[in-house]
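To start, the structure itself, in C-alpha cells.
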Amino acid sequence: MDEKQKEIWNVVLTYTDLIMQGKIDEFLEHFHEDYSGWSNIEPIPADKESIISELHNRSSQKITVQYDLIPIKIKIHDNIAVVHYYLHERKKDKNEIKESQIKHYTDILININNRWFLLADHFGVKIYKYFENSIEG
C-alpha cells in the first residue's frame with residue numbers, strides 16, 4: 001500500500017472500530033450527508049437517516065468478541081476512494097451460541113476539505129454457526 005492508500009485504510013479501520021465499540025454517534029460522524037448503502041439482505045439501499053434510526057433502535061442481542069479486517073484493493077480517483085475488503089466478525093449471544101460472519105465490503109469514500117467521508121457502501125454476508133473448535137456452514 002502506498003501512503004495515500006494507508007491513509008484511507010486507516011479511516012476504514014477507525015470507523016469500523018467505533019461501531020464495534022458501540023460508539024454510534026462517533027461512527028456516524030464518518031458518514032457523508034448524502035450516504036447511500038446496500039447490503040445483500042435489504043430490498044433497497046439505505047440512506048443516512050435510516051442508518052441512524054436502525055443503529056439507535058436496534059437491541060443488541062449479540063456481542064462482538066473478535067473481528068479482523070483484510071484489505072483487498074484500494075483505488076483512488078482524485079477525491080474519491082473505492083475500498084474493497086473483508087470483515088470477519090465473531091459474535092456470541094446471551095446463551096453463548098457463537099456466530100461467525102464473513103462480510104465482503106466495498107466502501108466508497110469522498111474527500112472534502114481534507115477529510116474522508118463514507119459516501120456509499122455495499123456488502124454481502126456469509127454466516128457460520130460454530131461451537132468450540134468446529135464450524136458449521
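Laboratory data are not the source of any read-out in this text; all were calculated from the coordinates shown. Computed from a prediction, not measured in an experiment: that's the story for all the values here. Methodologically, a virtual Cβ is constructed for each residue, glycine included, from the backbone with ideal geometry; neighbour enumeration extends over all protein chains shown.
Brief remarks on what is shown
- Against the conditions (1) among the hydrophobic types (A, V, I, L, M, F, W, C); (2) surrounded by 15 or more Cβ atoms within 10 Å (Cβ to Cβ); (3) without any contact (Cβ under 8 Å) to a residue 40 or more places away in the chain, I70 satisfies every one except (2).
- Enumeration of residues in the stretch 30-46 that are surrounded by 13 or more Cβ atoms within 10 Å (Cβ to Cβ) and out of contact with any Pro (no Cβ under 7 Å at 6 or more places or on another chain): H30, F31, H32, Y35, S39, P45, A46
- Condition met for S50 (surrounded by 14 or more Cβ atoms within 10 Å (Cβ to Cβ) and more than 25 Å from K73 (Cα to Cα)): yes
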